[in-house]
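Every read-out reported here was derived from the displayed coordinates using simple, explicitly stated rules and does not represent laboratory data. Since the model is a prediction, treat every value here as computed from it, not as a measurement. Counting neighbours? That spans all protein chains shown, and the Cβs are built from the backbone with ideal geometry, glycine included.
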Amino acid sequence: MFFVQRIKACILNYGSGNVGSVLNMLMLLKVDVIISNEHTDIQGATHLILPGVAAFGSAMEKIKKTIPLDIVSREVHQIKKPFLGICVGMQILADKGFEFEEYDGLGWISGEVKKIDAGELILPHVGWNELIPRSSSNLMQRIEGHSDVYFTHSYAFHAKDPSHIVAETKYGQCFPSVIQKDNICGVQFHPEKSQKIGMAIVKNFLSM
Amino acid sequence: MKKKRLIPVLLLKDGFLVQSRSFSTYRNLGNPVTATKRLNAWGPDEIIYLDISKSDNYDLRRDDIKHPNRNNFLDILEDVAQVTFAPITIGGKVRALRDVEQRLRKGADKVSINTKALEEPRFITEMANEFGSQCVVVSMDVKIIDGEHRVMAHGGMKEMRYDPVEWAHIVQNSGAGEILLNSVDRDGQKVGFDIELIDKVSSRVRIPVIALGGAGEWEHFAEVFLRTKADAVAAANLFQHMEQSLYLIKKQLHDHEFPVRRPFISEDLANEKHDLL
């Protein structure tokens, strides 16, 4: 007999960021979804999502306080559960962040988070900008190149290994807007606010 | 390339969507949830909701469409957030960090403040520290008094001592993420934006400026993009009246090669069939 495992997404919540709109989008996709930091919910989930809007340091501090990182790390690294970090949730995957001060990140995808070198352009980088494909990934299946998605941030991920960059976005300089290392994914934009394209990317993630 | 944003503004008065003219006369346009659903189909880049009620008595019971009776702005916000798949800014009646937190919890992405910022500029910094600059929009109402642009408080009623550029600098240096720049004189007039005002503010600050007040046709938006550094243009009445107005204006701008998002009429995301499994 062949069983298809039902998708159960767990949204990790550290009291920062717009958890509600991520939840809304997943509910539209009719998957089981729960907002929880409980061990059993994290272990019972098929997909883990870490949303966020905040500064790197304060996000990291709150995450350490509220999320059982040892459990999450085991699920991600040993059981290889698909993990999606959104905005700051992506940034904290880096080794280090330099917003206000230097902070340690999770170090799950090697890199550093620094202020965007926007040149003449204003910061924060707010609004709709293009995804420029850099390497193929199941995350970007059926997504047209140069699709617009919604950003709001002043800091960006500098990936040490370019092969982890799935898509980039240009604002002054190019910065990685989609990164992936095996089952660990990160998006700098907000898929939950990016209408059809955002939903398609979330769907692709849930199909991983 | 980053796109210039076109942002519909929904003015809510006592729970109803209203049309406003010169900040003083209002016409009831119905239920905000219905309006939001309609707007969604036209691909808004963002949506701004401004609560301009004088009292706290909201009442949607007279509406003949079957939505739950809501008598509280935050409940109304919760309803619209569930049907909005674009970034949401909420403004009006924010007096404390607690008010900001409540609005974010109900589904807002950004919160705009106006009178509170003028009375206590330090509040901008407190808000930015707590929730991040990207969440802080300072709304600035400007009126021409004796030939000079002046910043107004209390819904355009009270003149402040600030010149708009002076106030914009304070706002920026206090940690705001964006400025919503509104011309009281142009409100509901459909004669075009106050280009002089938008130009002088947007060329002097390093944070995004959203221009509001005066839009009547697509060329008015084009004028803002051509002659100022505004990052976004917003309009209230225009987007409420004409069927597909947001789509049609965006299409005109796109056809004339202005950097706006490709216009589309989307399927209703909420009612689309999602064949995930």
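Please list, by residue number, every one of the trypsin sites (Lys or Arg not before Pro) in the range B:95-133 that is coil in DSSP and has at most 15 other beta-carbon atoms within 10 Å. Display every interim value, and only then the final one.
Working: sites: B:Arg95, B:Arg98, B:Arg103, B:Arg105, B:Lys106, B:Lys110, B:Lys116, B:Arg122; in loops: B:Arg95, B:Lys106.
Within the range B:95-133, the qualifying trypsin sites (Lys or Arg not before Pro) (loop, at most 15 other Cβ atoms within 10 Å) are B:Arg95.
Counting only DSSP H runs of at least 4 residues, each contributing -39500 (n - 2.57), and dividing by the residue count of chain B, the helix-based mean residue ellipticity at 222 nm comes to -9000 deg cm²/dmol. Which residues in the range B:107-139 have a backbone N closer than 20 Å to a point placed 7 Å from the Cα of B:Ile145 along the Cα-to-Cβ line? Under cut-off, by backbone N: B:114-121, B:139. The mean count of C-beta atoms from other chains within 10 Å of the C-beta of residues in A:28-38, rounded to a whole number, is 2. Structural size metrics of the protein assembly as shown, computed from C-alpha coordinates, are Rg and Dmax of 21.9, 82 Å.
Just to check, using Stokes-Einstein with a Kirkwood Rh over alpha carbon pairs, what's the diffusion coefficient of the range A:39-97 at 25 °C and 0.890 mPa s in µm²/s?
Details: Rh = 11.8 Å.
In µm²/s, the coefficient rounds to 207.
Shown for B:Thr228, A:Thr46, A:Thr40, A:Thr66: other C-beta atoms within 10 Å of each C-beta, ranked fewest to most, produce the order A:Thr40, A:Thr66, A:Thr46, B:Thr228. In summary, the lysines within cross-link reach of A:Lys62, defined as a Cα separation below 19 angstrom excluding same-chain residues under 8 places away, comprise A:Lys96. Ordered by the count of other Cβ atoms within 10 Å of each Cβ, fewest first, B:His154, B:His169 give B:His154, B:His169.
Provide A:Ser36, B:Ser174 in ascending order of the number of other Cβ atoms located within 10 Å of each residue's Cβ, fewest first.
Ascending number of Cβ neighbours within 10 Å: A:Ser36, B:Ser174.
Taken along its principal axes, the alpha carbon cloud of the range B:5-255 reaches lengths of 47, 43, 31 Å, longest axis first. Global size of the range A:134-177: 11.0, 29 Å for Rg and Dmax (C-alpha atoms, Rg to one decimal, Dmax whole). Please list log₁₀ I(q)/I(0) at q = 0.08, 0.09 Å⁻¹ for the range A:8-206, using the Debye equation with identical point scatterers on the alpha-carbon positions. The computed values of log10 I(q)/I(0) come out as -0.22, -0.28. Restricting the calculation to Cα atoms, the range B:126-277 shows an Rg/Rh of 1.04 when the hydrodynamic-style radius is the Kirkwood one.
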